[in-house]
């Protein structure tokens, strides 16, 4: 992991992201001028500015959704700053200034000191070796014709691709937070895999430093052209400090005919302290469009954020396309999660699988909310859904809100859900074998989540298990 | 809405009981405020009541029309048995000539709402609108405002009524364009046992609106069963709400059978407020043409050691639309809850639709709750098997469809009713499949 981090740090200086750093903080508030200013600062072409403005105007007419099963104080959208470059955040002077809880977690995850400083947002000197892993990766990708760069870079270098696919899956008018993101998005990642290319490496935001702090309104666009394959990893297992409370990201995936996209996320934003003070509001819109014979697979491990509100979805547009959703969502203390998926079956013989594992501990509230929709033309559609919840402790809650809508009789749907307490017999057995209660819980929970973990890339899977153990720490007295 | 305001103003105020007009007034105001639910309301997401709202039905609270129906006609319309205690209402008006319920145990009181308001007004006052959530649910508020007649059943301590009490609501030709608001109030005290069958039938194809509300109080160790057979005219509209409260060690069984109405909505809400109570909510609905049937169940586990079981099955043919929304709520104190909910839908035609939403909301940790839902068509392997054994394609379909329905019908504990419904279901499939 440290090699990737080195790469990350190294990258920071390569990209032009921070060139106009001094002017990079604008006054709080949101208006058309702010949208124009953001666009101007990023030197964007007119068409993108027009798109942003359209989104902003639409956003003004929308109201914040309150249907999720989460509670939070009213967000004042005029109090936020909508543009601030990474450097303008005042760095902490040393690790002593960092929340000691955070440091403890780093230790448990076995993260090196320099890495810890980096993750906690402490100013780091250029003491790293400049082994340019990132550049090596870039060369390798270029050889195959894979484009992987920051969104801002892509706007300038590949405008025709951006123009073609931006908003094609999540239109700016999609929902309140997507509209807000479309109006003020700061940066993000863009990936394009050409026809018939199998991306040789697993793409990760680790390789690009600007993705590590793209601000609160991140935008990701991944296009797999016909017959292409790409696996993309987002996020980081280590908790990250962020000065922004509201994160409203948008992720769009386009899988053209016979293409396949695998998108894995480990989300571990700051969850707030034990009493629920602070923490990130993670309101994300993620959606993929699958054309004929293509496949989109979402895997997510959600352990962080005070509030998580996200539904990675797949529009199964083409015949024989496949959508998958594997999720582990853990809430502890006062965390709240309302997460799930949408599988929209439009094409014939489309298939979808949903495996969701929710774990609630402390006073956490975990909701699975999913929709499976079979449209009249989706002959032979197939869905299998399993959502299980585990309760640890007696102050938490687990909720399930599945929406199953079928308008074609050749479709076959199965939905199963269960909620149960963590097995006392199992804990007792583990303890009899010499494990501590916490180790036992960690083991049982890992087993409970196995179906999802096995979908994660190897390195991620191991870290995710450790992370789960840490998140649940102290949940049983 | 304006039509209802006029109709409400025209209602003859009932005399003697000041609280009743007050309750009705409050309920009507609530109904006006809430209005008809729209599909933006989460509880009505899949069911649009626009046809009901637009039609402006005329409440049939006024003068009673002479019915030409005989007891034989009623018996032919609604499955029942001559040994049952029977109360018949035509277009919402009680028909003593068609009713027979004299053989009840002496301490049991079965009265029409109108009678009960005269003889035991306090009993009614304490309970009417108590369980029914007229402050939140627009249709319940509407029923409370316009309620004309109904049945009040009081089964005292330890009394067991062997034969079912059959409440038959008949809509005849005079019901065209009318709105009927039946009400049922049941109080089963400690160790009491009672079984109620509520039938909604029609003599023809009239378009009318039935908005029924039942409030059922199940005392400690009491056993109450409520069967609802909804066979309204296929041009009619039906909204029925059954609200139940269960004390400790009680048992409640609800079965909802529905084949009628152009648009129907059945709500079964039960509140398990005492320890070790058990509730079973089952149902079967069969729709065809452009019919729409919506079932909503809500089980509130508010005490420890309670169990709930649910099985709803739907068979949808033609361009019909089935909706099922089952919610299970487990309160933090309701430890050791055992909840199970199952919902299966069978789509017989390409244009039939089903929307299902089984919900779990759990706040206690030591619980076991599951729900399962499936949607599909007849198993082609099973069809193939039957055909290979020499059963014709159509017969094989009928047989498999009937078998699908039979699993739900088996849960009916009254033999007469079960056999009667089984026959009707069988007939229905052999008949519709021969078209």
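Identify the residue in region B:307-320 that is touching a residue at least 60 places away in the same chain (Cβ under 8 Å) and over 16 Å from the mean Cα position of the chain (by Cα) and, among all such residues, is nearest to residue B:286 (Cα to Cα).
The selected residue is B:315.
Pull up region B:156-179, narrow it to residues that are in contact with a helix residue (DSSP H, G or I) (Cβ under 9 Å, 6 or more places away or on another chain) and part of a strand (DSSP E or B), then point me to the one that is surrounded by the most Cβ atoms within 10 Å (Cβ to Cβ).
Within region B:156-179, the match that is surrounded by the most Cβ atoms within 10 Å (Cβ to Cβ) is B:179.
When you go through B:175, B:179, B:132 one by one, which is the residue that is under 26 Å from residue B:272 (Cβ atoms) and at pLDDT below 95?
The unique qualifying residue is B:132.
Go through the residues of region B:305-318 one by one and say whether even a single one is within 14 Å of chain A (Cβ to nearest Cβ) and assigned to a loop (DSSP other than H, G, I, E, B).
Yes, region B:305-318 contains a residue that is within 14 Å of chain A (Cβ to nearest Cβ) and assigned to a loop (DSSP other than H, G, I, E, B).
Would you point out which residue out of A:275, A:257, A:319 is more than 24 Å from residue A:222 (Cα to Cα), over 11 Å from the mean Cα position of the chain (by Cα) and touching a residue at least 24 places away in the same chain (Cβ under 8 Å)?
Going through A:275, A:257, A:319 in turn, the sole match is A:275.
Here are the criteria: (1) in contact (Cβ under 8 Å) with a residue 24 or more places away in the chain; (2) touching a helix residue (DSSP H, G or I) at 6+ places or on another chain (Cβ under 8 Å). Tell me which single one residue B:400 does not satisfy.
Only one criterion in (1) in contact (Cβ under 8 Å) with a residue 24 or more places away in the chain; (2) touching a helix residue (DSSP H, G or I) at 6+ places or on another chain (Cβ under 8 Å) is unmet by residue B:400, namely (1).
Across region A:169-205, what is the number of residues that are outside any helix (DSSP H, G or I) and farther than 17 Å from residue A:53 by Cα?
The total comes to 18.
Among B:49, B:66, B:108, B:88, which is in contact (Cβ under 8 Å) with a residue 24 or more places away in the chain and either exposed (fewer than 12 other Cβ atoms within 10 Å of the Cβ) or in contact with a helix residue (DSSP H, G or I) (Cβ under 6 Å, 6 or more places away or on another chain) (or both)?
Just a single option satisfies the conditions, and that option is B:88.
So which residues in region B:28-48 are in a loop (DSSP other than H, G, I, E, B) and within 14 Å of chain A (Cβ to nearest Cβ), if there are any at all?
Of everything in region B:28-48, those that are in a loop (DSSP other than H, G, I, E, B) and within 14 Å of chain A (Cβ to nearest Cβ) turn out to be B:39, B:40, B:41, B:45, B:46, B:47.
Of everything in region A:134-153, what is touching a strand residue (DSSP E or B) at 6+ places or on another chain (Cβ under 7 Å) and either outside any helix (DSSP H, G or I) or modelled with pLDDT of 90 or more (or both)? Give them in sequence order.
A:146, A:147, A:148, A:149, A:150, listed by residue number.
Do we find a residue being within 24 Å of residue B:67 (Cβ to Cβ) and surrounded by fewer than 18 Cβ atoms within 10 Å (Cβ to Cβ) anywhere in region B:117-132?
Yes.
Give region B:180-225 a look and list any residue that's part of a loop (DSSP other than H, G, I, E, B) and farther than 23 Å from residue B:126 by Cβ, or say none.
Matches in region B:180-225: B:203, B:204, B:205, B:206, B:207, B:208.
Among the listed residues A:394, A:409, A:332, which satisfies the condition of being within 14 Å of another protein chain (Cβ to nearest Cβ), over 29 Å from residue A:280 (Cα atoms) and at pLDDT below 90?
The unique qualifying residue is A:409.
Which of the residues that make up region B:333-386 are more than 23 Å from residue A:383 (Cα to Cα) and more than 7 Å from chain A (Cβ to nearest Cβ)?
Once the filter is applied, which keeps residues that are more than 23 Å from residue A:383 (Cα to Cα) and more than 7 Å from chain A (Cβ to nearest Cβ), region B:333-386 yields B:333, B:334, B:335, B:336, B:337, B:338, B:339, B:384, B:385, B:386.
Quick check on this structure: which one of A:337, A:329, A:271 is in a loop (DSSP other than H, G, I, E, B) and surrounded by 24 or more Cβ atoms within 10 Å (Cβ to Cβ)?
A:271
Can you find, within region B:266-292, the residue that is nearest to the chain's Cα centre (by Cα) among those that are more than 22 Å from residue B:140 (Cα to Cα) and surrounded by fewer than 23 Cβ atoms within 10 Å (Cβ to Cβ)?
Ranking the candidates gives B:280 first.
Any idea which of A:342, A:377, A:357 is surrounded by fewer than 20 Cβ atoms within 10 Å (Cβ to Cβ) and more than 9 Å from every other protein chain (Cβ to nearest Cβ)?
On inspection, the qualifying residue turns out to be A:377.
Please work out if residue A:370 is more than 10 Å from chain B (Cβ to nearest Cβ) and either farther than 27 Å from residue A:275 by Cα or within 25 Å of the chain's Cα centre (by Cα) (or both).
Spelling it out, residue A:370 is indeed more than 10 Å from chain B (Cβ to nearest Cβ) and either farther than 27 Å from residue A:275 by Cα or within 25 Å of the chain's Cα centre (by Cα) (or both).
Being more than 30 Å from residue B:332 (Cα to Cα) and under 32 Å from the mean Cα position of the chain (by Cα) narrows it down to one of B:383, B:411, so name that one.
Answer to the check: B:411.
With the condition kept exactly as written, say whether any residue in region B:395-406 is within 11 Å of chain A (Cβ to nearest Cβ), over 26 Å from residue A:354 (Cα atoms) and buried (at least 16 other Cβ atoms within 10 Å of the Cβ).
No, region B:395-406 has no match at all.
When residue B:419 is evaluated against the numbered criteria (1) out of contact with any strand residue (DSSP E or B) (no Cβ under 7 Å at 6 or more places or on another chain); (2) closer than 24 Å to residue A:371 by Cβ, which criterion, by number, is the only one it fails?
(2)
The values are calculated or read from the model by the stated rules, or taken from the named source; none is laboratory data. A quick note: this is a predicted structure, and the numbers were derived from the prediction, not measured. Quick reminder, even Gly has a Cβ in these numbers, built from the backbone with ideal geometry, and neighbours come from all protein chains shown.
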